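The values are calculated or read from the model by the stated rules, or taken from the named source; none is laboratory data. Note that this is a predicted model, so its numbers are computed, not measured. All Cβ positions, even for glycine, are placed from backbone atoms using ideal geometry, and neighbour counts span all protein chains on display. The accessibility values were calculated without ligands, DNA or RNA, using every heavy atom of the protein model including side chains. Shrake-Rupley method; radii C 1.70, N 1.55, O 1.52, S 1.80 Å.
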Amino acid sequence: MERSEVLDAVRESAVELLKVEPDQVTEQAAFGEDLDADSLDLTELVMALEDRFGIEVPEDDLGDVRTVGDAVDLVMAKLGSGASA
Amino acid sequence: MSDAPSPEAALDSRGRPRVAVTGMGAVTPAGPAVGDLLEAVLAPRPTAAPIAGWDTEGWPVRFACEVTDADLEAVLGPKESRRTDRVTLLGVTAAAAALDQAGELGCDPARVAVIAGSGVGGLTTLEDQIGVRIARGPSRVSPFLVPMMMVNATAGVISMHWGFTGASLCVSTACASAANAIGEGMRMIRDGSADVVVAGGAEASITPTAMAAFARMGALSTRNDDPAAASRPFDVERDGFVMGEGAAMLVLERWDLAVARGAPILGELAGYGRTCDAHHITAPAPGGAGAVACMEQALADAGLAPSAIGHVNAHGTSTPLNDAAEAEALAKVFGPEGPPVTSTKGVTGHLVGAAGGIEAVIALSCATRGLVPPTANLDTPDPDLPVNVVRGEAIEIAPAPGLSNSFGFGGHNASLVVVPVEGAGT
């Protein structure tokens, strides 16, 4: 899957769940500082991505997600490992 | 009211700080404002209707008094509202209206407390998420379930939204919750632990499981073919209460501080009684013993004789048992020639943990206007009930203190005495 497709999905979920504008959701945007999301918001966002991509993200992995780009990386990695399994 | 304290007096006849009501907000099935509520109860215009919020096919009770025309996201905004249960949105919306009316408090936020009552809290969210857990497993349960369902969420969110850092409490005494919250708030001001208290209640439990459960108890009216006639307190044909939802919040304020800042003084909260039947988890004590003690306590607290009460806003749920026990209790407290009694639940339905809040708003407003609302649907007063219940049209009385009763499952009883002030424009 292309990185841009994953970014689009993250953007779509962020707009729906965090009530932010689409152009705020860039790879560099930090969930906390830029998108006003707390850890509960992030958990919900990742749940939406799990459903969308059919992946599982352990709670421990969320600690490394600070920016939108980190979330894209996480999804790409899970998709990659899923494909190679 | 010749023995009433002067408008300037900071202390009551027992030397305690007087408590002013400086703001009132109510979001009810009658509409999003206090004025909508008063207009509906004085008409009287029942608000019960078929449930719009979910498909009631197959449910034994298919109607309720729902809040349908309020913008519940306006105060917190779309993002916070998404992660807040309906019960808290109702409570916050009522609090915003009350605080808007009270105006700039101009005091240290640490001196502002919040006491918000609710019977069950965020039941909509809990019920939805139990469904999610059963259908999709534990990993799909929302991370917002706990903060949305917890019964203290409304108090916490009100404190947080306005930055009030004084005590923030939840009172959960079923259908007495809001009246207990308001009464305990009054006591906080008297004991000096707060200068301002935002107090009231919120409820949003018109959910499939709650409606099934209350129906299984036999507590609800089953008049599905005529919802508007279903809530009929003190009527011989009453067959249960009608579930309602909504919220009401009062701003209570130390009298002298309210006077000093030029606040709108809508009335005085002068008496509070609270007792427990200690009899049965849902049925009232025979003869309304707990209710008698509660009303007597509230009158004594206000320093008023029963004869000083101009009208009573009864708990009057329209269940056979409540109305019988309450009527007997009223006769014991006030004698055969007692003040006119009304139950506004004929119009609003029973807002459970918010009921005492909206009824405190109605009682104070009507005491001030000198009007007692008629009890909707009271076509044939139950001949076994020794009580003078207003029916047909509102009646005029001289402005005088009013008594509002709230009784809850668990045996919880709460009574409030509200006193009008001259010139209040409620």
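Remind me, relative contact order of chain A in percent, using alpha carbon pairs under 8 angstrom and six or more residues apart?
Numbers: 81 pairs, mean separation 30.2, N = 85.
Rounded, it is 36 percent for chain A.
Beyond 16 Å, what share of the Cα-Cα pairs of the range A:33-73 is found? Please give it as a whole percent.
It works out to 28 percent of all Cα pairs.
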Could you tell me the accessible area of B:Cys107 in Å² (1.4 Å probe, neighbours in place), rounded to the nearest ten?
50
Give me the base-10 log of I(q)/I(0) for the range B:24-64 at each q in 0.22, 0.25, 0.32 Å⁻¹, Debye formula, one uniform scatterer per Cα, rounded to two decimals.
-0.73, -0.81, -1.02
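At 1.4 Å probe size, with the rest of the protein present, what percent of the exposed accessible area of chain A is carbon and sulfur atoms?
Carbon and sulfur: 46 percent of the exposed surface of chain A.
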Provide a list, ordered by number, of residues in the range B:106-152 showing at least 50 Å² less accessible area with every protein chain present than when their chain is taken on its own, using a 1.4 Å probe.
B:Arg140, B:Pro143, B:Phe144
Once label points are set 7 Å from the Cα along Cα→Cβ at both B:Cys276 and A:Asp36, what is their separation, rounded to one decimal in nm?
4.3
Any idea of A:Leu74's accessible area? Nearest 10 Å², probe 1.4 Å.
30
In Å², and per residue, what accessible area does chain A have when probed at 1.4 Å with the other protein chains present?
54
Would you mind checking which residues have amide H under 5 Å from B:Gly244's amide H? H placed 1.01 Å from N; only 5 or more apart, or other chain.
B:Cys65, B:His350, B:Leu351, B:Val352
Output the residues of the range A:42-57 meeting this criterion: accessible area (heavy atoms, 1.4 Å probe) in the chain alone minus accessible area with all protein chains in place is 40 Å² or greater.
A:Glu44, A:Met47, A:Asp51
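Counting DSSP beta bridges in the protein assembly as shown, what percent are antiparallel, to the nearest 5? Each step should come with its number before you reach the end.
Working: 41 of 60 bridges.
Taking every DSSP beta bridge within the protein assembly as shown, about 70 percent pair in antiparallel fashion.
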Given a 1.4 angstrom probe, what's the average accessible area per residue across chain B, in square angstrom?
36
Which of the three applies to the range B:296-426, rounded, prolate or oblate, going by the alpha-carbon gyration tensor with a ≥ b ≥ c and a/c under 1.5 meaning rounded?
rounded
Which residues of the range A:10-25 end up with at least 50 Å² less accessible area in the presence of all protein chains than when their chain stands alone, using a 1.4 Å probe?
A:Lys19
Dipole axis of the protein assembly as shown (+1 Lys, Arg; -1 Asp, Glu on Cβ), positive-most option in B:Ala324, A:Ala71, B:Gly53:
B:Ala324
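How long is the gain from B:Ser6 to B:Val146 if the chain were fully straight, where each residue apart is worth 0.36 nm and the alpha carbon distance is subtracted?
Details: separation 140, 0.36 × 140 = 50.40 nm, distance 4.82 nm.
Length difference between fully extended and current span is 45.6 nm.
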What translational D, rounded to a whole number of µm²/s, comes out for the range B:355-406 from Stokes-Einstein when the hydrodynamic radius is the Kirkwood one over Cα pairs, at 25 °C and 0.890 mPa s?
204
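Less than 14 Å Cβ to Cβ from B:Pro50, Lys/Arg counted +1 and Asp/Glu -1: what total charge do the surrounding residues give?
On the way: positive: B:Arg62, B:Arg223; negative: B:Asp55, B:Glu57, B:Glu66, B:Asp225, B:Asp226.
Taking every other residue near B:Pro50 into account, the sum is -3.
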Using a 1.4 Å probe and counting only protein heavy atoms, how much accessible surface gets buried when B and A come together, both sides summed, in Å² to the nearest 100?
1100
Apply the a/c threshold of 1.5 to the C-alpha gyration tensor of the range B:107-217 and tell me whether it is rounded, prolate or oblate.
oblate
Placing each pseudo-label 7 Å from Cα in the direction of the beta carbon, B:Ser193 and B:Leu321 end up separated by a distance in nanometres of 3.3
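When the helices in chain B are scored as -39500 (n - 2.57) per DSSP H run of 4 or longer and the sum is shared across all residues, what 222 nm value do you end up with, to the nearest 500 deg cm²/dmol? Intermediate results must be reported in sequence, preceding the final value.
Numbers: 13 runs with 139 residues, N = 426.
Helix contribution divided over all residues of chain B: -10000 deg cm²/dmol.
Can you pull the percent of chain B's accessible area that's carbon plus sulfur, 1.4 Å probe, other chains left in place? Spell out each step's value before the answer.
Working: 8370 of 15290 Å².
Whole-percent figure for carbon plus sulfur exposure: 55.
Take the alpha carbon gyration tensor of chain B, find the square roots of its eigenvalues, order them as a ≥ b ≥ c, and report rounded if a/c is under 1.5; if not, report prolate when a/b exceeds b/c, else oblate. Spell out each step's value before the answer.
Working: a/c = 1.70, a/b = 1.10, b/c = 1.54.
Judged from the Cα gyration tensor, chain B comes out oblate (a/c at least 1.5, b/c at or above a/b).
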Given 37 °C, 0.692 mPa s and a Kirkwood radius over Cα pairs, the Stokes-Einstein diffusion coefficient of the protein assembly as shown in µm²/s is 137
How big is the gap, in Å, between the Cα center of the range B:373-405 and the Cα center of the range A:5-76?
58
